[in-house]
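Working notes, beginning with the structure itself.
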Amino acid sequence: MTNPILEVEKALHVEDVDRAFLLKVVQPSLVGLIDGSISTLAPLFAAAFASHNSHITFLVGTAAAIGAAISMAFAEGLSDTGEHTGRGHPAIRGSIVGAATFIGGIFHTLPFLLTNLTAALYLAYIIVAVELLAIGYIRYRYFKMGFWSSVGQVVFGGALVFLAGILIGSA
């Protein structure tokens, strides 16, 4: 015979572990991926359209990815101690956000290692699309949001930043 109180306690413990994982790992990772994938688009594509040079674009994109990672790591680490919110140690959270921000920013920068700017741009467009789909999937999987509405929200934000980069780079 099973003890119903014990079963409820087990279920609550599993939910707490999942909630802790969401607060301490998934949410900081998602914030970093979103920021890295979206905030680096404007400087990257502005550099591409202004310079017409893959090497310069790569340098700007790398600087944007590293700068965003450092900024986001400090912002997350200094936002709260984690004691009252249960979000975990600030240095660990900051490291997670910083690493995810760098990953989000560097992947669509790597195509600019190619010397052919047109090929680099098309490859970067594909990588940005995959990044945005991945962000939509993470929001769907872990936060129970609708997949397509989540992708739509992320694409809308990315499109605004992308257009800003193109407009500034074409000026």
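Brief remarks on what is shown
- When we screen Ala120, Ala100 for residues that are part of a helix (DSSP H, G or I), within 12 Å of the chain's Cα centre (by Cα) and either on the phi > 0 side of the Ramachandran plot or buried (at least 19 other Cβ atoms within 10 Å of the Cβ) (or both), the only hit is Ala100.
- The one condition in (1) assigned to a helix (DSSP H, G or I); (2) at pLDDT below 95 that Phe58 fails to fulfil: (2)
- Test: Phe162 is in a helix (DSSP H, G or I), surrounded by 13 or more Cβ atoms within 10 Å (Cβ to Cβ) and modelled with pLDDT of 90 or more: no
- Single residue of Thr81, Thr115, Thr85 found to be at pLDDT 95 or above, outside any helix (DSSP H, G or I) and either more than 15 Å from Gly158 (Cβ to Cβ) or polar (S, T, N, Q) (or both): Thr115
- Search result, residues across segment 133-156 that are within 30 Å of Ile56 (Cα to Cα) and at pLDDT below 90: Val154, Val155
- Residue tally, condition within 17 Å of the chain's Cα centre (by Cα) and basic (Lys, Arg), over segment 141-171: 1
- Residue-level check: of (1) in a helix (DSSP H, G or I); (2) touching a residue at least 12 places away in the same chain (Cβ under 8 Å); (3) surrounded by fewer than 23 Cβ atoms within 10 Å (Cβ to Cβ), Gly105 misses just (3).
- Yes/no for Thr85 being of a type in the set (S, T, N, Q), surrounded by 16 or more Cβ atoms within 10 Å (Cβ to Cβ) and in contact (Cβ under 8 Å) with a residue 60 or more places away in the chain: no
- Glu131 of a type in the set (Asp, Glu), over 22 Å from Ser39 (Cβ atoms) and either assigned to a helix (DSSP H, G or I) or free of Cβ contacts under 8 Å to residues at least 12 places away in the same chain (or both): no
The values are calculated or read from the model by the stated rules, or taken from the named source; none is laboratory data. From a predicted model like this one, the values you see are computed outputs, not experimental measurements. Reconstructed Cβ throughout: ideal geometry from the backbone, glycine too, with neighbour counts over all protein chains shown.
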